[in-house]
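For reference, the structure discussed in these notes is given below.
The values are calculated or read from the model by the stated rules, or taken from the named source; none is laboratory data. Quick caveat: nothing in here was measured; it's all calculated off a predicted structure. Here the Cβ positions follow ideal geometry from the backbone for every residue, glycine too, while neighbour counts run over all protein chains shown.
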């Protein structure tokens with residue numbers, strides 16, 4: 001029972017890890033270059049969850065100094081993840097741009113077809 | 001002057017950043033090149049001044065925006081950083097003059113200003129990783145350098161460059177994300193991102209949170225291991241180096257993997273090592289085993305490789321193995337050997353790839369079989385290649401010998417005699433693949449396609465000769481390289497538990 005107890009208490013981490021592994025699985029298992037990038041984006045999203053969840057305290061407010069509020073949520077993870085989101089967007093955009101160029105050059109976005117075309121020029 | 005003197009750490013990063021933005025707006029290739037040249041020549045001046053400050057006054061701490069660490073971002077320069085900063089910026093400055101001719105061949109004129117923009121961004125990221133004292137800030141710089149690196153590789157003339165860049169993007173992003181997961185776990189446990197502060201707080205957190213800390217170390221090791229091409233996480237490297245524009249390969253081989261190694265060293269010794277007893281975490285043995293595998297398997301791949309650039313790329317994987325081996329040895333001589341090999345390998349591999357780029361410039365091929373007798377047509381280029389190649393093998397009188405000397409000492413000090421033997425044995429494989437090419441280049445009659453070949457113009461030849469001369473100079477006078485590496489190793493190991 002203790003095990004289920006631990007899992008239930010940390011359900012947010014369970015979700016995070018599920019999203020993380022699902023993303024990585026898509027990256028490694030798919031041969032379609034766009035789908036790989038989708039998996040990569042999902043994988044990166046799991047990290048946003050990993051950072052943000054622990055920063056939130058139920059009933060906590062934004063850190064504004066005021067006598068009415070005593071419980072604050074930590075704002076730093078949000079700031080960090082804002083940066084990470086920008087990085088993620090840039091990576092996805094660059095990845096998609098590369099896929100467009102690969103499609104122009106090879107006429108395919110399936111990894112196996114590309115490798116085949118590469119062998120027989 | 002005194003204001004600039006105080007703000008050197010931020011200038012090191014901000015100058016190339018602004019240079020990159022300015023280069024993006026320039027229309028003419030010549031003006032973008034001039035800008036990149038000026039910026040890249042300023043960098044070693046700043047890095048040298050920082051090293052001087054550290055040598056005379058101890059570690060430099062710079063608080064961004066005036067916020068005290070650990071709340072604000074801190075740039076912290078100690079001997080190790082200053083050493084790495086000087087290497088990256090000096091290599092960039094030495095090879096920059098060669099960029100013009102090499103890039104003219106491989107990239108269309110209207111794209112060239114943006115090429116220089118990407119190079120300066122990459123330089124910003126690499127110098128940023130080396131200078132920052134904040135774990136999350138290092139992630140941001142890691143991604144700045146990585147994203148610009150993907151673009152630089154994709155600019156290669158062959159369409160396979162696109163595929164190499166795409167694959168590197170996937171692997172590199174997974175690596176950076178692993179790193180940031182590790183940093184996130186450390187943040188959850190300690191509530192801080194400042195590396196010096198992390199080192200203080202991990203120790204007390206160890207009792208209750210040892211599992212999270214071990215997981216963090218694992219994630220950071222694998223993530224950074226992907227970036228530094230630690231065997232068997234090196235699969236992206238050979239194609240990326242082969243199909244990238246020649247000059248980009250020269251720059252990346254001397255800088256990108258080296259900065260990632262620095263990051264690993266920083267986390268391993270300064271953050272984890274000073275907080276917990278590293279013998280509790282069996283990472284060192286693991287790294288040593290992978291390093292030995294890299295030294296042999298990658299070297300054997302190089303022996304059978306028909307493409308000169310890819311042969312050198314496999315050799316890079318093997319040489320990175322020597323560096324990580326030194327780190328894994330965890331003693332004074334071993335770490336000194338690893339750190340000094342960061343610099344030595346940077347110089348040698350830059351010279352080798354630059355020579356390969358010069359060959360490509362003159363004869364438009366780097367297939368070894370088609371390069372028979374190239375030494376008679378391009379004597380200076382191949383002389384420089386030979387000197388750097390001898391360094392790769394570890395011939396006495398070159399820098400490679402200095403590195404391997406310390407590594408063997410480190411292995412013996414640990415009592416691992418077979419390892420000392422393996423270091424020497426792997427050099428024999430390097431002798432085989434370097435010797436194979438040198439035999440083809442010097443001993444055979446020039447091939448038909450090489451009738452027109454001649455040494456490259458001075459802008460390419462001079463950097464090449466400087467790098468080759470440095471390979472010999474630093475092999476004889478080790479005061480600067482091994483001396484500083486030794487001091488850095490001493491302070492890293494001295495801070496360990």
Only one residue in B:86, B:147 is assigned to a helix (DSSP H, G or I), in contact (Cβ under 8 Å) with a residue 40 or more places away in the chain and assigned by TED's automatic domain parsing to the domain that holds residue B:260. Which one?
B:86
Any chance residue A:102 is touching a helix residue (DSSP H, G or I) at 6+ places or on another chain (Cβ under 6 Å) and farther than 26 Å from residue B:184 by Cα:
yes
Filtering the stretch B:92-108 for residues that are part of a loop (DSSP other than H, G, I, E, B) and closer than 15 Å to residue B:243 by Cβ leaves a count of 1
For the stretch B:311-325, does any single residue satisfy the condition of being surrounded by fewer than 24 Cβ atoms within 10 Å (Cβ to Cβ) and either assigned to a helix (DSSP H, G or I) or outside the structural domain of residue B:97 (by TED's automatic domain parsing) (or both)?
no
Determine if the stretch B:203-213 includes at least one residue that is within 24 Å of residue B:420 (Cα to Cα) and in a helix (DSSP H, G or I).
no
Looking across the stretch A:55-82 at residues that are more than 21 Å from the chain's Cα centre (by Cα) and not in a loop (DSSP other than H, G, I, E, B), the single one that is nearest to residue B:137 (Cα to Cα) is A:72
Looking at the stretch A:85-114, which of its residues are buried (at least 16 other Cβ atoms within 10 Å of the Cβ), more than 8 Å from chain B (Cβ to nearest Cβ) and part of a helix (DSSP H, G or I)?
A:88, A:92, A:111
Answer with yes or no whether residue B:61 is within 24 Å of residue B:241 (Cβ to Cβ) and either over 16 Å from the mean Cα position of the chain (by Cα) or assigned to a helix (DSSP H, G or I) (or both).
no
Residues (within 12 Å of chain A (Cβ to nearest Cβ) and either in contact (Cβ under 8 Å) with a residue 60 or more places away in the chain or closer than 17 Å to residue B:17 by Cβ (or both)) located in the stretch B:106-137
B:118, B:121, B:125, B:134, B:135, B:137
Could you please find all residues in the stretch B:358-384 being farther than 22 Å from residue B:242 by Cβ and in contact with a helix residue (DSSP H, G or I) (Cβ under 8 Å, 6 or more places away or on another chain)?
B:373, B:375, B:376, B:377, B:380, B:383
Is it the case that the stretch A:45-57 has a residue that's more than 10 Å from chain B (Cβ to nearest Cβ), out of contact with any helix residue (DSSP H, G or I) (no Cβ under 8 Å at 6 or more places or on another chain) and in contact (Cβ under 8 Å) with a residue 12 or more places away in the chain?
yes
Residue A:8 vs. criteria farther than 14 Å from residue A:95 by Cα and more than 9 Å from chain B (Cβ to nearest Cβ):
yes
Would you call residue B:224 part of a helix (DSSP H, G or I) and within 16 Å of residue B:342 (Cα to Cα)?
yes
Only unsatisfied item for residue A:26, checking (1) within 10 Å of chain B (Cβ to nearest Cβ); (2) crowded, with 17+ Cβ neighbours inside 10 Å, is (1)
In the stretch A:65-84, what residues are in contact with a helix residue (DSSP H, G or I) (Cβ under 9 Å, 6 or more places away or on another chain) and within 12 Å of another protein chain (Cβ to nearest Cβ)?
A:74, A:76, A:77, A:80, A:81, A:83, A:84
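The rows are residues; the columns are (1) buried (at least 24 other Cβ atoms within 10 Å of the Cβ); (2) within 13 Å of chain A (Cβ to nearest Cβ); (3) under 16 Å from residue B:268 (Cβ atoms).
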{"residue": "B:180", "(1), (2), (3)": "yes, yes, no"}
{"residue": "B:199", "(1), (2), (3)": "no, no, yes"}
{"residue": "B:205", "(1), (2), (3)": "no, no, no"}
{"residue": "B:211", "(1), (2), (3)": "no, yes, no"}
{"residue": "B:219", "(1), (2), (3)": "no, yes, yes"}
Buried (at least 22 other Cβ atoms within 10 Å of the Cβ), at pLDDT below 90 and either within 14 Å of another protein chain (Cβ to nearest Cβ) or in contact with a helix residue (DSSP H, G or I) (Cβ under 9 Å, 6 or more places away or on another chain) (or both): which single residue out of B:191, B:184, B:156, B:172 fits that description?
B:156
Hey, any hits in the stretch B:244-262 for a residue that's in contact (Cβ under 8 Å) with a residue 12 or more places away in the chain and assigned to a loop (DSSP other than H, G, I, E, B)?
yes
Would you pick out the residues in the stretch B:1-54 that are in a loop (DSSP other than H, G, I, E, B) and crowded, with 18+ Cβ neighbours inside 10 Å?
B:26
Since residue A:92 meets every condition but one in (1) at pLDDT below 85; (2) farther than 20 Å from residue B:189 by Cα; (3) in contact with a helix residue (DSSP H, G or I) (Cβ under 9 Å, 6 or more places away or on another chain), which condition does it not meet?
(1)
Out of curiosity, is residue B:301 in the same structural domain as residue B:495 (by TED's automatic domain parsing), part of a helix (DSSP H, G or I), out of contact with any strand residue (DSSP E or B) (no Cβ under 7 Å at 6 or more places or on another chain) and under 15 Å from residue B:356 (Cα atoms)?
no
Somewhere in the stretch B:68-79, is a residue out of contact with any strand residue (DSSP E or B) (no Cβ under 7 Å at 6 or more places or on another chain), in a helix (DSSP H, G or I) and more than 14 Å from every other protein chain (Cβ to nearest Cβ)?
yes
Among residues belonging to the stretch A:29-59 that are exposed (fewer than 11 other Cβ atoms within 10 Å of the Cβ) and at pLDDT below 85, point out the one that is farthest from residue B:166 (Cα to Cα).
A:59
